[in-house]
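Let me begin by presenting the structure, written as structure tokens, before commenting on it.
The values are calculated or read from the model by the stated rules, or taken from the named source; none is laboratory data. Since the model is a prediction, treat every value here as computed from it, not as a measurement. We place every Cβ from the backbone using ideal geometry, glycine too, and count neighbours over all the protein chains shown. What goes into the accessible areas is simple: the full protein's heavy atoms, side chains included, and nothing from ligands, DNA or RNA. Shrake-Rupley method; radii C 1.70, N 1.55, O 1.52, S 1.80 Å.
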Amino acid sequence: MNVPNFGPGTNPGRLRDWARTVEGLGYDLLMVSDHVAVTPDVAEQYPAPFYEPFTTLSWLAGVTGTIRLGTTVLIAPYRHPLLVARMAANLNQLSGGRLVLGMGVGWARQEFEALGIDFTRRGKLTDELLRDIRKAWENDEDYRSGDIPIWVGGRGDAGLRRTVRYGDAWHPLRERVDWMRGALDRLKALADEEGRPVPGFAPRILLRLTDEPVADDIRVAGEGSIDQVMGDLDELRLLGAEAVVLDPFVGDPAETEGPEHAWQALATVAAAWKDLH
């Protein structure tokens, strides 16, 4: 489940309610997004307040018991590798080994400029960070992390190759099932080229339930009637998904002021999954 850690309705109490609701419904993993500077390009989609993910997850670790906690996705170029390695290792220790670290290259050019980071080098910087945090975790006692899974986002060959080299799982965001099926074939081919194991598969999909079915040629995974959504989840399971992250934020910041509709959708999916499996 992807919890909105942004928007006019978001505050510490609302984040706590989200976490306890999701955990109470039986979901296994709670994830939050990442932005540092809410520049105009970010604010169009994710308006302030925007709660920084490591801080937010530390707070949520203290008000939950067993649910895993993660980032979908941490924007790799925004932080020094050793800072990420330290914060992730500490959060994993403090939460009892519950962290999943989702990483991506980022997209908000104005935010990169505000942080003084070269937007054109974001892919290279992401590769360097992933390489360096793994080195820190493996070679320096101060950074020992336990077992933190790294999920890598991206939809082109560069992102898929990055996943093969540095990731435990590929983490695509809001795609169609048929597109993901083809991309998984490409992921396997790249793994063969690199002589590496094929990474796992952990997509994040939209959750938008409708009363009537949505035409398959215009919808993404997780969108449509409950039967369509359950069909998507079964297809993703058959494609090898080890986890599927549901994202009920459709795009209107006002949604963050009334999360009950999203909670009902999550409850509907949880009940339907239990009935089927």
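Worth a mention:
- Cβ-derived FRET efficiency at R0 35 Å, Glu212 paired with Gln93, nearest 0.05: 0.15
- Rounded to 5, the percent of DSSP beta bridges in the chain classed as antiparallel: 5 percent
- Average Cα contact separation per residue, the stretch 56-137, under 8 Å, 6 or more apart, as relative contact order %: 39 percent
- Note on the chain: GNM, Cα springs under 10 Å; of Gly153, Gly116, Gly231, the largest mean-square fluctuation is that of Gly116.
- The listed peptides 269-276, 131-138, ordered by packing as a protection proxy, come out as 131-138, 269-276 (highest mean of other Cβ atoms within 10 Å first).
- Percent RCO, i.e. relative contact order, over the chain, from Cα pairs under 8 Å lying at least 6 residues apart: 18 percent
- Helix-derived mean residue ellipticity, 222 nm - over the chain, DSSP H n ≥ 4, -39500 (n - 2.57), to 500: -14000 deg cm²/dmol
- For the chain, the solvent-accessible area of protein heavy atoms averages 45 Å² per residue (probe radius 1.4 Å; ligands and nucleic acids excluded).
- Counting only DSSP beta bridges whose two residues both lie in the stretch 1-103, roughly 10 percent are antiparallel.
- Membrane-span-like helices in the chain, defined here as complete DSSP H runs extending at least 27 Å along the helix axis by their C-alpha atoms with mean Kyte-Doolittle hydropathy no lower than 1.6, are absent; this is a sequence and geometry rule, not a statement about a membrane.
- Taking a ≥ b ≥ c as the square roots of the eigenvalues of the alpha carbon gyration tensor, the chain is rounded, as a/c is under 1.5.
- Rolling a 1.4 Å probe over the protein heavy atoms leaves Thr163 with an accessible area of roughly 0 Å².
- With every protein chain in place, the chain: carbon and sulfur % of accessible area (1.4 Å): 50 percent
- Take every DSSP beta bridge whose two residues both sit in the stretch 21-179; close to 0 percent of them are antiparallel.
- Two-site FRET efficiency, Trp59 against Ile226, from Cβ-Cβ distance with R₀ of 22 Å, rounded to 0.05: 0.10
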